[in-house]
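The values are calculated or read from the model by the stated rules, or taken from the named source; none is laboratory data. Remember, predicted model here, so these are calculated numbers, not experimental data. Glycine also receives a Cβ, built like all others from the backbone with ideal geometry; neighbour counts cover every protein chain displayed.
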Amino acid sequence: MAQDQAGQSNAGWKQPRLPRWVRIAVIGRNPKVTLVRVAILIVTSFVVFKFILLPAHVEGISMLPNYKDRSWNLVNRFAYLWHEPRRGDVVGIRFSRAVTNTPAGIHQAANWLEPPHVMLLKRIVGLPGETVAFVDGHVLINGEVLDEPYEKYACDWNLPPKELGPDEYFVVGDNRSMSWEEHTFGRAQRSQIVGKAIL
Amino acid sequence: MKIVFRIVLVVALAALGVWLWTVLFPNPEKVIRQRLTELARIASFSSNESDLARLAAARSLAGFFSTNVEFQVELPEFARRDSMDRNEITQAAFAVRSRAGGLKVKFPDINVTVVPDKQSAVADLTVEANISGERDPMVQEMKFTLQKIDGRWLITRVETVRTLS
């Protein structure tokens, strides 16, 4: 008798069902389609944020006031597929360049498949072939003062002219109120430029 | 169906063989990467390290270097251009571990180039060091030259690299 009662109560027990609108909101009308969508979203996010838009955590004050310490940014690796870096662009620069003896094509492919984990975030002021100098805190390109609306802090840097090679860019941070000895800036090879900061 | 099963079996066995081969006979690049990652792990330490642990770690660290190592290091507050033997490296590592409150070292981007004779290699890497009590990590590009000595990849030369010239 007891067994019968237990059996009856088990058979009669029903799992409490979520309201229809909750189920639709959480898992959609068709769970299989939702699962496929979630899988596509995960794969797409992985590919985009691993290989195309690299999340970059800004550490340090060299790009103040335009890029604050501890802020986040994204570096677009596709930015320079169709054109070369331009003056004023803020770019991610890789630290370790491969001193490899592999052919250039394989080297580039390896660079693409293994994006850097640590980068410098700097602004391009000098383009290949130009001569860059600092006089009383002003950037001189081929002897002419460069207009830099992004630079908010005045400085008194004086540095002798540097001529850039055919594959070199001159990069510097926006915060020139730091002493130049504490500031990382100078010539970067084109192959070191990972992409353009988009925020 | 039988043929499909056989093909799948052959492919699986081939994959297993390739995997076993890479495990038993890893290529030099992989070995060097593993050693450098291990070096970073041993170079890291916490503030509550005992003297005995310090000494053991310092000796272990020196074991990654050849008997005579050339240093060409230029940092904002430190410059060294000479060579050191293993004892000196042990002493230097012990001194650093005694003085500093803690250090976490990582080599996030390692590029290894092995010379065709597979007896020497160059590793270009980024050193990321978080010093206890300091807000921002120290990041520096470095180049290590390694040689295969008695079957082990040992560092023979350490030099800093200026990322922007």
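Count of the range A:164-184 residues, restricted to those that are of a type in the set (D, E, K, R) and within 12 Å of chain B (Cβ to nearest Cβ), is 3.
When you look at B:Lys104, is it outside any loop (DSSP other than H, G, I, E, B), free of Cβ contacts under 8 Å to residues at least 24 places away in the same chain, surrounded by fewer than 18 Cβ atoms within 10 Å (Cβ to Cβ) and not polar (S, T, N, Q), yes or no? It is false that B:Lys104 is outside any loop (DSSP other than H, G, I, E, B), free of Cβ contacts under 8 Å to residues at least 24 places away in the same chain, surrounded by fewer than 18 Cβ atoms within 10 Å (Cβ to Cβ) and not polar (S, T, N, Q). Just one of the numbered conditions (1) more than 29 Å from B:Pro116 (Cα to Cα); (2) exposed (fewer than 15 other Cβ atoms within 10 Å of the Cβ) is not true of B:Arg59: (2).
Residue count for the range B:121-164 satisfying the condition of being within 11 Å of another protein chain (Cβ to nearest Cβ) and among the acidic types (Asp, Glu): 4. Residue count for the range A:169-193 under the criterion of being part of a loop (DSSP other than H, G, I, E, B) and acidic (Asp, Glu): the result is 1.
Would the range A:46-59 turn up any residue that is under 29 Å from A:Gly173 (Cβ atoms) and either modelled with pLDDT under 85 or over 12 Å from the mean Cα position of the chain (by Cα) (or both)? Don't jump to the end; show me each part of the working.
Going through the range A:46-59, the residues under 29 Å from A:Gly173 (Cβ atoms) turn out to be A:48-59.
Then drop every residue that is not either modelled with pLDDT under 85 or over 12 Å from the mean Cα position of the chain (by Cα) (or both), which leaves A:59.
Taking every residue of the range A:46-59 in turn, at least one turns out to be under 29 Å from A:Gly173 (Cβ atoms) and either modelled with pLDDT under 85 or over 12 Å from the mean Cα position of the chain (by Cα) (or both).
Scanning the range A:127-140 for residues that are under 27 Å from the mean Cα position of the chain (by Cα) and surrounded by 14 or more Cβ atoms within 10 Å (Cβ to Cβ) yields A:Leu127, A:Pro128, A:Glu130, A:Val132, A:Val139. The residues listed here are B:Thr90, B:Thr126; of these, the one that is at pLDDT 90 or above, among the polar types (S, T, N, Q) and closer than 25 Å to A:Phe95 by Cα is B:Thr126. Have a look at A:Pro149, A:Pro166, A:Pro161 and point out the one that is closer than 12 Å to A:Gly126 by Cα and in a loop (DSSP other than H, G, I, E, B). Only one candidate passes the filter, namely A:Pro166.
Taken over the range B:103-120, the residue count meeting the criterion of being within 11 Å of chain A (Cβ to nearest Cβ) and of a type in the set (Lys, Arg) is 1. Of all residues in the range B:129-153, those satisfying the criterion of being buried (at least 19 other Cβ atoms within 10 Å of the Cβ) and more than 17 Å from A:Ile93 (Cα to Cα) are B:Phe144, B:Leu146, B:Trp153.
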